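Colleague: Can you keep this structure in mind? I'll have questions shortly.
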Amino acid sequence: MEFLSPSTLEEALEAKSAHPDAVPIMGGTDVMVELNFDKRRPPALIDLARIPELAEYGPDGDRTRLGAGVSYTEVVEHLSGTAPALAKASRSVASPQIRNRGTVGGNLGGASPAGDAHPSLLATDATVELASVRGRRRVPVREFFLSLRKTARRDDELITAVLLPEPSGPQQFAKIGTRNAMVIAVTSFALALDGERRAVGTGLGSAGPTPLRAEAAEEFLAQEFDWENGRSPSEATVRRFGELVAAAARPIDDQRGSAEYRRHALAVMARRALSWSVTDYRKGVTRCA
C-alpha cells in the first residue's frame, strides 16, 4: 500500500488525480478500523492531516465554513452557537479521544447511514464543497447521498469543507443506542425550525440505506406550526408529525435493532425534538416581542 502525505491542498488534489483509487485519511477513526479488520485494502492512502486549510473554520458570506478536517471536539467547543444541531450530534460521538480525531468531513466521506453528523447536516440544508484539479463545486447535502455508501463525490475529488447556514430557529439532535456512550446509533434524528423562511428541516440516521429526510413530515409541520407566537401544537399534530417521520424510514433488522423498533424510536424522538424546539422557539419569540 502506498502512503502519500501532501502538505498543501494543491498537492493533495494532484495526488488524488493521479491515484483516484486512493483513500483519503484525516483522523483515521473509520479508515483504520477497516484496515485493521482487513475489510478494506486500498492501493494507496492520502494523509490530509498536514493541510492547514482543511482544519480552518469561520464565516463565509452568510454561512459558516467548516473545513473537512475540523474535529468533532472543535465543533462542540467553538460552533455550538452557529451550528447547534451539529454540535449536539458531535457531542454524542464515541469517546473524547475519538472526538479529538474524528472529523465531519471524514464522516461524510465514509457515508455510513449511521453517521452521527449526517442528520443535522440534512436538517439544516448544509452544502458540501468538493475540489479536484479541475476546480471546486458545491453540492447540497440533500443531494450528496446517492445509495449505500455512494455519494456525489467523483473519484478524483476530495471533500474540502461543509457550508453551514446561519441558524434561524431552534435545532435539535437525538440519538438512541444500545448504551449511553461509545456506540453506533440504532437510529438518530435531527430537527431544524427556520423562522425566517417558515420551513422545517429533518434528518434521519441509521434508518435506511442512506441518511434520509422526512419530507412529508417537514411539509406537514411547516403548515401546522404557529410561526407567529410559537404556541404548542396540538397533541394530534405532534403525534402525526412523529408518524410521518417514522413513515419516511426504510430501516432493516440487524444486531442493533429491528426495523419496527427503529420506526418506533424515530416517532418518539421526533415528538421529543418538536417539544424541545417549541420551547426554544417560544423563548426567541418572547425575546423579540
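Colleague: Which of the following values of mean projected area of the Cα convex hull in nm² was calculated from the structure shown: (1) 29.3; (2) 14.8; (3) 22.7?
Modeller: Recomputing mean projected area of the Cα convex hull in nm² here picks out (2).
Colleague: Read phi for every residue in region 61-77 and hand back ³J(HN,Hα) as whole Hz from Karplus 6.51 cos²θ - 1.76 cosθ + 1.60, θ = phi - 60°, with x for Gly and Pro.
Modeller: Result, ordered by residue: x, 8, 10, 10, 8, 10, x, 4, x, 6, 7, 4, 4, 5, 4, 4, 7 Hz.
Colleague: Rounded to whole Hz and in sequence order, give me ³J(HN,Hα) for region 217-230 from the Karplus expression 6.51 cos²θ - 1.76 cosθ + 1.60, θ = phi - 60°, writing x for Gly and Pro.
Modeller: My calculation for region 217-230 gives 5, 4, 5, 4, 5, 4, 7, 8, 6, 8, 5, 6, 10, x Hz in order.
Colleague: Considering only TYR261, SER234, THR210, whose Cα is most displaced toward the positive end of the charge dipole of region 171-288, charges sitting on Cβ of Lys, Arg (+1) and Asp, Glu (-1)?
Modeller: TYR261
Colleague: Could you please state, rounded to a whole Å, how far the C-alpha centre of region 24-96 is from the C-alpha centre of region 238-264?
Modeller: Each part's Cα centre sits 28 Å from the other's.
Colleague: Per residue of the chain, what 222 nm ellipticity follows from adding -39500 (n - 2.57) for every DSSP H run with n ≥ 4, rounded to the nearest 500?
Modeller: Roughly -10500 deg cm²/dmol at 222 nm, from the helical runs in the chain.
Colleague: Given an 8 Å cut-off on Cα distances and at least 6 residues of separation, report the relative contact order of the chain as a percent.
Modeller: 16 percent
Colleague: Taking the Cα atoms only, what angle lies between the long axis of helix 259-288 and the longest principal axis of the chain, rounded to 10 degrees?
Modeller: Approximately 70 degrees, to the nearest ten.
Colleague: Can you list the trypsin sites (Lys or Arg not before Pro) in region 115-214 that are in a DSSP coil and have 10 or fewer other beta carbons within 10 angstrom?
Modeller: ARG179
Colleague: Also, I was wondering about something else. Given axes a ≥ b ≥ c from the Cα gyration tensor, I'd like to know whether region 1-57 is rounded (a/c under 1.5), prolate (a/b larger than b/c) or oblate.
Modeller: Judged from the Cα gyration tensor, region 1-57 comes out oblate (a/c at least 1.5, b/c at or above a/b).
Colleague: If the limit is 31 Å between Cα atoms, which of LYS16/LYS88; LYS150/LYS283; LYS88/LYS150 go over it?
Modeller: LYS16/LYS88; LYS150/LYS283
Colleague: List the GluC sites (Glu not before Pro) within region 172-244 that fall in a DSSP loop (any state other than H, G, I, E or B) and whose Cβ has at most 13 other Cβ atoms within 10 Å.
Modeller: For GluC sites (Glu not before Pro) across region 172-244 that sit outside H, G, I, E and B with at most 13 neighbouring Cβ atoms in 10 Å, the list reads GLU196, GLU228.
Colleague: Please report, as a whole percent, how much of the solvent-accessible surface of region 1-157 comes from carbon and sulfur atoms (probe radius 1.4 Å).
Modeller: C and S fraction of accessible area: 49 percent.
Colleague: What FRET efficiency, computed as 1/(1 + (r/R0)^6) with R0 = 51 Å and r the Cβ-Cβ distance, is obtained for VAL268 and ARG134, rounded to the nearest 0.05?
Modeller: About 0.65, to the nearest 0.05.
Colleague: Mind listing P(r) for region 171-288? All alpha-carbon pairs, 10 Å bins, whole percents.
Modeller: For region 171-288, the pair-distance distribution reads 14, 47, 27, 11, 1.
Colleague: Going highest first, how would you order 61-72, 25-36 by mean Cβ packing within 10 Å?
Modeller: 61-72, 25-36
Colleague: Quick one: angle between helix 9-18 and the longest Cα principal axis of the chain, in degrees between 0 and 90, rounded to 10, please.
Modeller: Approximately 70 degrees, to the nearest 10.
Colleague: All other residues with a Cβ under 15 Å from the Cβ of ALA217 taken together, and with Lys, Arg as +1 and Asp, Glu as -1, what is their net charge?
Modeller: +2
Colleague: A further question follows. Taking H placed 1.01 Å from N in the peptide plane, check which residues at least 5 places from ASP60 or on another chain put their amide H under 5 Å from its amide H.
Modeller: HN-HN under 5 Å from ASP60: ARG65.
The values are calculated or read from the model by the stated rules, or taken from the named source; none is laboratory data. Worth saying up front: this structure is predicted, and the values here are computed from it rather than measured. Because the Cβ atoms are built from the backbone with ideal geometry, glycine has one as well, and the counts that use them run over all protein chains shown. Side chains are part of the model used for accessible areas, which takes the heavy atoms of the whole protein and leaves out ligands, DNA and RNA. Shrake-Rupley method; radii C 1.70, N 1.55, O 1.52, S 1.80 Å.
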